[in-house]
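S.K.: Take this structure, written in structure tokens, and hold onto it; I'll ask about it next.
The values are calculated or read from the model by the stated rules, or taken from the named source; none is laboratory data. Small disclaimer: the values here were computed from a predicted structure and weren't measured. Glycine gets a Cβ as well: all are built from the backbone with ideal geometry, and neighbour counts include every protein chain shown.
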Amino acid sequence: MSELIRLESIVKRFDDTVVLNGIDLSVAENEFVTLLGPSGCGKTTTLRIIGGFEKPDEGRVFFDGKDITDMPANQRHINTVFQNYALFPHMNVGENIAFSMRVRNKPEQYIKDKIKYALKLVNLDGFENRRIDQLSGGQQQRIAMARAIVNEPRVLLLDEPLGALDLKLRQEMQYELVRLKKELGITFLYITHDQEEALTMSDKVVVMNEGYIQQEGTPEQIYDEPVNAFVADFIGDSNILDGQMIAERVVRIDGVDYPCIDGTEQGFPPGRPVDVVIRPEDIDIMPYGQGQFNGTIISKLFIGVHYEMLVQSENGEIEWLLQNYDQHDVGEKIGMKVDPENIQIMHKPKSEAESARELDL
Amino acid sequence: MKKIFGRIYILIIMLFLYLPILTLIVLSFNEAKSMSVWTGFSLRWYQELFHSKIMMGAIANTFSIAILAALIATIVGTMAVLGMAAMKQRTENVLMAFNNIPMLNADIVTGIALMLFFLMIHWPRGYMTILFSHATFCIPYVILSVKPRMNKNTDRLFEAALDLGASEKYAFRKIVLPELKPGIMSGFLLSFTMSVDDFIITYFTRGAGINTISTLIYSEVKIGIRPSLFALSTIIFVVALVVLITVNLRQSRADRAV
């Protein structure tokens, strides 16, 4: 896959606050890339820079190998589905979809055919003459998609397009979006703060926080091998624990030694303090005394498919979060075990002094 | 019992509001010049009105000034709103505070201030000074009615239009202007009625030989008011009534169509 969009050390400040702190990003042709992060992490600003609505203070934006940093939005081969759709309220559905073609003085017959095609694509045949305020949220979302794609952009930017929809509709639209992307064969750059959306739809997930990219990778990599506590915490439920490497491929957590698969080669030599992530579904429940450690169940919640339990460890202060299909009662004493490949070792976040020292080098 | 009381209450209010106007309308058709004795139906005061050069001149002045002043105020006010939208929030707030002061200011102060200003710059008072003054005091109202339409949503629609390939000019004409239109229309109508209504500011900024309806009536009061003015007032009232009814009818029909 060839590279379509490249951001090179993008820095953006609003007044005195730094919103983007040197963003490097590469999006390949035909890829579904999701920028994921909490509000204020800089994901929307990144999208607006690619769309041409903001100018970066430093860094360059490349599109298909050409520098488009200074190109105005209306000349970029990029279209956007905006967060609140931004449909033109004084125009009907057909006129909204026709807008980009009327701008380019396309013949009326061509426009008519295109509107038909676009409406069919988003499953809203025959909606040409509806007024915008007659549409439901989900329908508005589809019209916004139709309007953005008739121009045949090479990249579609989607700014939290499902944020205003209810849960059921959101899940339906996720399938719809993946189908649309396949049919159109174009690149999608998607923004969301919803980790589930990011994991289900994307080829690549880019986790952002406080103007930095924290981690980039496939949904599986992001979920199974988070590089730091922020990513682990943001993606799914997890136990994030303090630990220390005490021997080659052995980590001590809460007074118990666990074999793991990371060692000096991965940058975790014996003696180093680390953060450890253990997903709640990766902790196996055993009869009392037969696991690696013991605890008492202090609370239990039924969440549809599985039970979620909090377990107070016998060794120390730690409360473990467990997910299990089997039912156990509150107050029950259990043993627990974690397989070495399910123990994800991460570097401790650097203190400011450490990062400063590293920059000097 | 409660119902009857309510009806009587509303009737009294209606009488208070409309009885004076009704009296005026009836007297405009009175044959005699008397303001108290009914002598018979006649249209002579309407005839006198349409033949009086002074009155017709005042009517022409009133409405031409109102239309021109409203036009100028609408254009200047709308441009001001567009300019303010591009400013920082703090500057914008300060400007809006300045915008609100003239509306709270007493008309008489505004009138005298404008008169002194014209005297100082030696601008002979007449039609143009009235027009200038009216446009001036209407601008804040236009800004106030257009401003709420120019919001975050309008910005977003503008960006969406650019995103779809429109030039800034095209996006402004096709997207922003239609969004602002209701505000612009109500700003224009507000300015028009305020200008027609105004007496005090007109009184201070007009020159010797020029009158609008309000200043004409005022000067006639001193020498004895003529029933042809009742005729004029009746016509203005009926025109306003007809306009109001048609607008409301169209509105309710449009609402039903939804």
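S.K.: Filtering segment B:30-64 down to residues that are among the polar types (S, T, N, Q) and outside any loop (DSSP other than H, G, I, E, B), which residue is surrounded by the most Cβ atoms within 10 Å (Cβ to Cβ)?
M.R.: Among residues in segment B:30-64 that are among the polar types (S, T, N, Q) and outside any loop (DSSP other than H, G, I, E, B), the one surrounded by the most Cβ atoms within 10 Å (Cβ to Cβ) is B:T62.
S.K.: Follow-up question, since we're still on this one. Based on what the data block shows, is B:P140 part of a helix (DSSP H, G or I), within 30 Å of A:L47 (Cα to Cα) and away from chain A (no Cβ under 14 Å)?
M.R.: No, not satisfied.
S.K.: Return only the number of the condition from (1) more than 8 Å from every other protein chain (Cβ to nearest Cβ); (2) over 18 Å from B:G111 (Cβ atoms); (3) polar (S, T, N, Q) that B:T202 does not satisfy.
M.R.: (2)
S.K.: Please specify each residue of segment A:252-273 satisfying the condition of being in contact (Cβ under 8 Å) with a residue 12 or more places away in the chain and closer than 16 Å to A:I283 by Cα.
M.R.: A:I253, A:D254, A:V256, A:Y258, A:P259, A:C260
S.K.: Of the residues B:A171, B:A166, only one is assigned to a loop (DSSP other than H, G, I, E, B), within 14 Å of chain A (Cβ to nearest Cβ) and surrounded by 14 or more Cβ atoms within 10 Å (Cβ to Cβ); which?
M.R.: Being assigned to a loop (DSSP other than H, G, I, E, B), within 14 Å of chain A (Cβ to nearest Cβ) and surrounded by 14 or more Cβ atoms within 10 Å (Cβ to Cβ) holds for just one of B:A171, B:A166, which is B:A166.
S.K.: Can you give me the ranges of the strands (runs of 3 or more DSSP E) entirely in segment A:254-358 with at least 1 residues that are surrounded by fewer than 12 Cβ atoms within 10 Å (Cβ to Cβ) and either over 29 Å from the mean Cα position of the chain (by Cα) or not polar (S, T, N, Q) (or both)?
M.R.: A:273-278, A:293-303
S.K.: Considering (1) under 16 Å from A:Q83 (Cα atoms); (2) at pLDDT 90 or above; (3) in contact with a Gly (Cβ under 7 Å, 6 or more places away or on another chain), say which one A:A164 fails and leave the rest.
M.R.: The failed condition is (2).
S.K.: Still on this structure: Within segment A:80-133, track down each residue that is in a helix (DSSP H, G or I), in contact with a strand residue (DSSP E or B) (Cβ under 9 Å, 6 or more places away or on another chain) and at the interface with another protein chain (Cβ under 10 Å from one of its Cβ atoms).
M.R.: Correct list: A:S100 only.
S.K.: Now for a separate question. Pick from segment A:200-221 the residues that are free of Cβ contacts under 8 Å to residues at least 60 places away in the same chain and assigned to a helix (DSSP H, G or I): which of them is farthest from A:I345 (Cα to Cα)?
M.R.: Ranking the qualifying residues of segment A:200-221, first place goes to A:T200.
S.K.: I would also like to ask the following. Return the residues of segment A:49-79 that are within 9 Å of chain B (Cβ to nearest Cβ) and either assigned to a helix (DSSP H, G or I) or under 30 Å from A:G126 (Cα atoms) (or both); say none if nothing qualifies.
M.R.: A:G51, A:A73, A:N74, A:Q75, A:I78, A:N79
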